[in-house]
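Trainee: What follows is a structure written as structure tokens; I'll ask about it next.
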Amino acid sequence: MLRCKNLLLNTTRRRKKRRRSTNNKTISVKTKLEIEPKSHPIDEDVEEEGFSLKTSAYGVQPLGNLYFSSSSHNSRNTGLGNLQTLTDELVLEILGFLGGSHLGVLSTVSKSFYVFSNHEPLWRNLVLENYDGGFSYNGSWRSTYIAAFNPSFSVVSSTGCLKVGDFFSDYLFQSWLCANLEMKAEWLERDNIQRRKGISIDEFVSEFEELNKPVLLEGCLDNWVAIEKWDRDYLVEVCKGVQFSVGPVEMHLEDFFNYSDQAREERPLYLFDPKFAKKVPRLGSDYEVPVYFNEDLFGVLGNERPDYRWIIIGPAGSGSSFHIDPNSTSAWNAVIRGSKKWVLFPPDIVPPGVHPSPDGAEVACPVSIIEWFMNFYSATKKWKKKPIECVCKAGEVIFVPNGWWHLVINLEDSIAITQNFVSRRNLLNVLDFLKRPNAGELVSGTRDRINLYDNFKSAIEMTYPGTIEQLVLKAEEQKAQQKKKVSFWESATDSNVGAFKFSF
């Protein structure tokens, strides 16, 4: 699956990269000051294009504000000493090699190191790497780490921490801003996806699947038990004692809900588990595949098929940055609770701010979904070929065709089911993808990446003899017909005279 990865995560896989972007602009925001006792640093409200937000917990301001400051002093630089020439991102990369105790000691060296050492993603990585889901979120990752490390320690909350009034950094400020901004109304206005209710399977195939076009389907989930029952109380009860995949760790549902109720960060964790139906069979029986997606040819592999279905639970702000679904499959996503904003680009258009490598093995993209909206979304308004967008609400299903780039963000606490599938309309694409020279890097969801093509093709030929040959022949016929179609410029040329011929 083509996904994006944060450079601050110290994991073994480095194929997908995220990078902070400020569009080469210095950030500057208006501030209004609140009167507080002089013994405390100034607390500020930040107004950013119609939003009013408290300043970051440690007083970080955007670099542009330095130009309006009565002093040219930036404690970010003086406190780093000779390290001030390093970028903020590189400083954090270095600090990412330290443990919690060392970060605590380093935070006492200077105001600058105090701010850097308390950067929440550093502590988030420490918790996720050291406690493997065996933690209870305690308002911040730093507090959570300390409580797990030694429950007897007294932890100062972020609201009571020291605020550094002369620290200016676009990188750290934008990280905080993205964690606190909600989706703006202008980011939700565009809704240009086609919507259908009660269409036949043949209509779906001819109007959308064969044309590889997204569609939002209504009324597909009316008979689902999940629509009626899947609230927090029900899920916690039926999943008692079971752990689910949440990022790199496994968590109990009650612990995850405790986290999601408190978390306010740039990239909130969300539950995304491919084995949920095996772990809790009752969940698998609470829904059924909509009739439009019943054909799934990967089913011929039985238990050897790649991961194909997931339960997704996440708080507002969580979601998935731009990616293409795994193994060239198509997908459907059904919202059971909450709502999701979708932005989709066709296979021939790479979203702005996203930079895939030529072989598709790596993708560089913004750190977070909100950052993409802040820095790149407005550019799409000027495009002739605009992305497909919608808000998918509870009870609705979106069809995501193969090869389409898509971004998804939860607008509220949400629960969904998604499945990837292979039908006859997409079989040749999947086979072509699986036999690529670098398939070992691109294929996902299975242990045997190298032999997946041979195993899948053999199983299809055994189960549905002649199907591949028929599809190849049909594809060649369609290609030949397209070549026979006369283009505008060909029709505008008089072949006998060799000059243009216009008819009005």
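The values are calculated or read from the model by the stated rules, or taken from the named source; none is laboratory data. Keep in mind it's a predicted model, so treat the numbers as computed, not measured. Don't worry about glycine lacking a Cβ; one is built from the backbone with ideal geometry, like all the others, and counts go over all protein chains shown. Each accessible area value is taken on the protein alone, full model and side chains, heavy atoms only, with ligands, DNA and RNA left out. Shrake-Rupley method; radii C 1.70, N 1.55, O 1.52, S 1.80 Å.
Trainee: Could you figure out which of (1) closer than 27 Å to residue 264 by Cα; (2) crowded, with 18+ Cβ neighbours inside 10 Å isn't true of residue 430?
Mentor: With respect to (1) closer than 27 Å to residue 264 by Cα; (2) crowded, with 18+ Cβ neighbours inside 10 Å, residue 430 is out only on (1).
Trainee: Could you grab the pairs with beta carbons closer than 6 Å, sequence gap of 6+ or different chains, first residue in the stretch 373-388 and farther than 17 Å from residue 191 by Cβ, second one open to solvent by 40 Å² or more (accessible area, probe 1.4 Å)?
Mentor: 375/23
Trainee: Name every residue in the stretch 236-282 that is among the small types (Gly, Ala, Ser) and farther than 23 Å from residue 335 by Cβ, in order of residue number. Outline the logic, then answer.
Mentor: Filtering the stretch 236-282 down to residues among the small types (Gly, Ala, Ser) leaves 241, 245, 247, 260, 263, 277.
Hit for the stretch 236-282 is 241, nothing else.
Trainee: Surrounded by fewer than 16 Cβ atoms within 10 Å (Cβ to Cβ) and touching a Cys at 6+ places or on another chain (Cβ under 7 Å): which single residue out of 132, 191 fits that description? Quick ask: steps written out before the conclusion?
Mentor: Details: 132 fails: touching a Cys at 6+ places or on another chain (Cβ under 7 Å).
After ruling out the rest, the residue left standing is 191.
Trainee: Among residues belonging to the stretch 207-235 that are open to solvent by 60 Å² or more (accessible area, probe 1.4 Å), out of contact with any strand residue (DSSP E or B) (no Cβ under 9 Å at 6 or more places or on another chain) and free of Cβ contacts under 8 Å to residues at least 24 places away in the same chain, point out the one that is farthest from residue 313 (Cα to Cα).
Mentor: 211
Trainee: Checking the condition within 20 Å of the chain's Cα centre (by Cα) and within 30 Å of residue 197 (Cβ to Cβ), which residue from 293, 272, 256 passes? Steps first, please.
Mentor: Values: 293 fails: within 20 Å of the chain's Cα centre (by Cα); 256 fails: within 30 Å of residue 197 (Cβ to Cβ).
On inspection, the qualifying residue turns out to be 272.
Trainee: Taking the stated definitions as given, is residue 342 closer than 18 Å to residue 192 by Cβ and of a type in the set (Phe, Trp, Tyr)?
Mentor: Details: closer than 18 Å to residue 192 by Cβ: yes; of a type in the set (Phe, Trp, Tyr): yes.
So residue 342 passes the test.
Trainee: Here is a check on your reading of the model: is residue 142 open to solvent by less than 60 Å² (accessible area, probe 1.4 Å), touching a residue at least 12 places away in the same chain (Cβ under 8 Å), part of a helix (DSSP H, G or I) and charged (D, E, K, R)? Step through it out loud before you land on a result.
Mentor: Details: open to solvent by less than 60 Å² (accessible area, probe 1.4 Å): no; touching a residue at least 12 places away in the same chain (Cβ under 8 Å): yes; part of a helix (DSSP H, G or I): yes; charged (D, E, K, R): yes.
Against the criterion (open to solvent by less than 60 Å² (accessible area, probe 1.4 Å), touching a residue at least 12 places away in the same chain (Cβ under 8 Å), part of a helix (DSSP H, G or I) and charged (D, E, K, R)), residue 142 does not qualify.
Trainee: Answer yes or no: is there a residue in the stretch 392-411 that is of a type in the set (Gly, Ala, Ser) and either buried (at least 21 other Cβ atoms within 10 Å of the Cβ) or touching an Asp or Glu at 6+ places or on another chain (Cβ under 6 Å) (or both). Talk me through it step by step, then tell me what you get.
Mentor: Going through the stretch 392-411, the residues of a type in the set (Gly, Ala, Ser) turn out to be 394-395, 403.
Retained after the next criterion (residues that are either buried (at least 21 other Cβ atoms within 10 Å of the Cβ) or touching an Asp or Glu at 6+ places or on another chain (Cβ under 6 Å) (or both)): none.
Checked against the condition, which is being of a type in the set (Gly, Ala, Ser) and either buried (at least 21 other Cβ atoms within 10 Å of the Cβ) or touching an Asp or Glu at 6+ places or on another chain (Cβ under 6 Å) (or both), the stretch 392-411 yields no hits at all.
Trainee: So, in the stretch 303-323, exactly how many residues are out of contact with any helix residue (DSSP H, G or I) (no Cβ under 8 Å at 6 or more places or on another chain) and among the hydrophobic types (A, V, I, L, M, F, W, C)?
Mentor: 2
Trainee: Tell me, yes or no, whether the stretch 216-237 has at least one residue that is modelled with pLDDT of 95 or more and either in contact with a Cys (Cβ under 8 Å, 6 or more places away or on another chain) or within 23 Å of residue 347 (Cβ to Cβ) (or both).
Mentor: yes
Trainee: Select from the stretch 334-345 the residues that are buried (at least 22 other Cβ atoms within 10 Å of the Cβ) and either out of contact with any Pro (no Cβ under 6 Å at 6 or more places or on another chain) or over 17 Å from residue 209 (Cα atoms) (or both) and list them in ascending order.
Mentor: Correct list: 334, 335, 336, 340, 342, 343.
Trainee: While we're here: Being within 16 Å of residue 114 (Cα to Cα) and open to solvent by 40 Å² or more (accessible area, probe 1.4 Å) is the filter here; which residues of the stretch 70-89 pass it?
Mentor: Residues satisfying the conditions are 77, 78, 83, 84, 89.
Trainee: Got a sec? Which of 360, 338 is over 19 Å from residue 266 (Cα atoms), over 15 Å from the mean Cα position of the chain (by Cα) and at pLDDT below 95? So that I can check it myself, show each step before the final result.
Mentor: On the way: 338 fails: at pLDDT below 95.
Sole residue among the options that is over 19 Å from residue 266 (Cα atoms), over 15 Å from the mean Cα position of the chain (by Cα) and at pLDDT below 95: 360.
Trainee: Which number in (1) at negative phi; (2) open to solvent by less than 10 Å² (accessible area, probe 1.4 Å) marks the one condition that residue 327 misses?
Mentor: (1)
Trainee: Output yes when any residue across the stretch 165-182 is surrounded by fewer than 18 Cβ atoms within 10 Å (Cβ to Cβ), not hydroxyl-bearing (Ser, Thr, Tyr) and not in a loop (DSSP other than H, G, I, E, B), and no when none is.
Mentor: No, there is no match, as no residue in the stretch 165-182 is surrounded by fewer than 18 Cβ atoms within 10 Å (Cβ to Cβ), not hydroxyl-bearing (Ser, Thr, Tyr) and not in a loop (DSSP other than H, G, I, E, B).
Trainee: Please determine, by comparing only the residues of the stretch 271-316 that are acidic (Asp, Glu) and part of a loop (DSSP other than H, G, I, E, B), which one is least open to solvent (accessible area, probe 1.4 Å).
Mentor: Applying the first criterion (acidic (Asp, Glu)) to the stretch 271-316 yields 273, 286, 288, 295-296, 304, 307.
Now restrict to residues that are part of a loop (DSSP other than H, G, I, E, B): 286, 288, 295-296, 307.
Numbers: 286: 12, 288: 113, 295: 50, 296: 35, 307: 48 Å².
Going through the qualifying residues, I end up with 286.
Trainee: Further question: Go through the stretch 377-407 and give me each residue that's out of contact with any Ser or Thr (no Cβ under 8 Å at 6 or more places or on another chain) and hydrophobic (A, V, I, L, M, F, W, C).
Mentor: 379, 383, 388, 390, 397, 398, 404, 405
Trainee: Residues that are outside any helix (DSSP H, G or I), polar (S, T, N, Q), modelled with pLDDT of 90 or more and under 30 Å from the mean Cα position of the chain (by Cα): does the stretch 64-87 have at least one? Step through it out loud before you land on a result.
Mentor: Going residue by residue through the stretch 64-87, those that are outside any helix (DSSP H, G or I) are 69-74, 86-87.
Among the residues that remain, those that are also polar (S, T, N, Q) are: 69-72, 74, 87.
Add one more test, that the residue is modelled with pLDDT of 90 or more, and what stays is 74, 87.
After this cut, where a residue has to be under 30 Å from the mean Cα position of the chain (by Cα) as well, the list is 87.
Scanning the stretch 64-87 turns up at least one residue that is outside any helix (DSSP H, G or I), polar (S, T, N, Q), modelled with pLDDT of 90 or more and under 30 Å from the mean Cα position of the chain (by Cα).
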